[in-house]
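Structure, as structure tokens:
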Amino acid sequence: PETPIEGQVRFETLRLVEEGREHFHLSAALRLAGASRIRLFAGPKDYDLLKGLSLGLDGLVDFGFFGLIARPLFYALKFLERYVHNFGWAIVILTIVIRLLFFPFLHKGQLKMRRMQDKMKRVQPKVQAMRERYRKLERKEAEKGNARARHQLRQRQNEEMMALYKEEGVDPLGSMSGCLPLLLQIPILYAFYTILSISIELRGAPFLLWINDLSQKDPYYVTPIVMGITMLVQQAMTSGSIPDPTQRRIMYLMPIMFTYFFINLPSGLVLYWLVNNLLGIAQQYLINKEAQAGSKAT
């Protein structure tokens, strides 16, 4: 309204079916008591355009919970697209830049994790022998029905195992130290998903060959499958140093799970994770080489 108005507000729920999905939207209408001049904006939810109107309409473009990350990514994509004239290549370049920014944290954490896994692999025969020895002792006490002695044996086993780890310089939690830097990428992944979902600029934006819309899923599911293969390669490069076979099997399930999760997600998001995996494979190769050189030196 150009001037303040008084009137009754009526609310109702509107049903909308879009792409086979049912949505409900809250509608508000003013019952005006007389004539009034009201301006109406009808157009795309272009963030820069809405912000330029200075009417508070830019809030209609919701960047989500990780808006502090999504907005800079959004402007970075638009900046790169002005030079490469393709949002797909802009995503590839931005992924490389993000990976380079995270490289020191990821490299240090994953190298520490790899070295600790190598140590745990070397000490694993001693751990297995200890467990087998205490298992036999517990079985004898179980036959006697001595529950207290079994409890004491478990305590002694834990104490002896911790002493063995200390003697060998093994930190059981150190093998998981590489997970924390990886968790830092989750907000970026979610921010990318938000941008691809809400940005009118990326709607209908093509990349290469059959990918004609980065905001929609890959129609032939090629990129999600290739992404799953790259994750499998990455897991194969890291799982060889994990002593626990159960943990190795769980790690090999992750590529299947991620492929299933990504199969219907926007192809632009799959492209980001695919490029990220390829860079991760290169980084893991460097980590394996460095870890092998360190183990030979010791």
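If R0 is taken as 30 Å, the Cβ-Cβ distance between L164 and E143 corresponds to a FRET efficiency of 0.65. Taking 0.36 nm per residue of separation and subtracting the current Cα-Cα distance, fully stretching the chain between I38 and R249 would add 69.6 nm. Computed from label points 7 Å out along Cα-Cβ, the spacing between S27 and L286 is 5.7 nm.
Between L189 and D46, what FRET efficiency comes out of the Förster formula 1/(1 + (r/R0)^6) with R0 = 25 Å and r the beta carbon distance, rounded to 0.05? Here the calculated transfer efficiency is 0.55. Ligands, DNA and RNA left out, the 1.4 Å accessible surface of the stretch 45-148 is 62% carbon and sulfur atoms. The label-point distance for F11 and M130, in a model that sets each label 7 Å from Cα toward Cβ, rounds to 6.3 nm.
So how do 94-106, 39-51, 120-132, 270-282 stack up, highest first, on mean other-Cβ count within 10 Å? Don't skip to the end; give the middle numbers.
Details: 94-106: 15.6, 39-51: 12.0, 120-132: 13.5, 270-282: 20.6.
Order by mean packing, descending: 270-282, 94-106, 120-132, 39-51.
Please list 18-27, 202-211 highest first by mean number of surrounding beta-carbon atoms within 10 Å per residue.
Numbers: 18-27: 7.7, 202-211: 15.8.
Going by the mean number of other Cβ atoms within 10 Å, highest first, we get 202-211, 18-27.
The values are calculated or read from the model by the stated rules, or taken from the named source; none is laboratory data. Quantities reported herein were computed from a predicted structural model and do not represent experimental measurements. Note: ideal-geometry Cβ built from the backbone for every residue, glycine included; neighbour counts use all protein chains shown. Side chains are part of the model used for accessible areas, which takes the heavy atoms of the whole protein and leaves out ligands, DNA and RNA. Shrake-Rupley method; radii C 1.70, N 1.55, O 1.52, S 1.80 Å.
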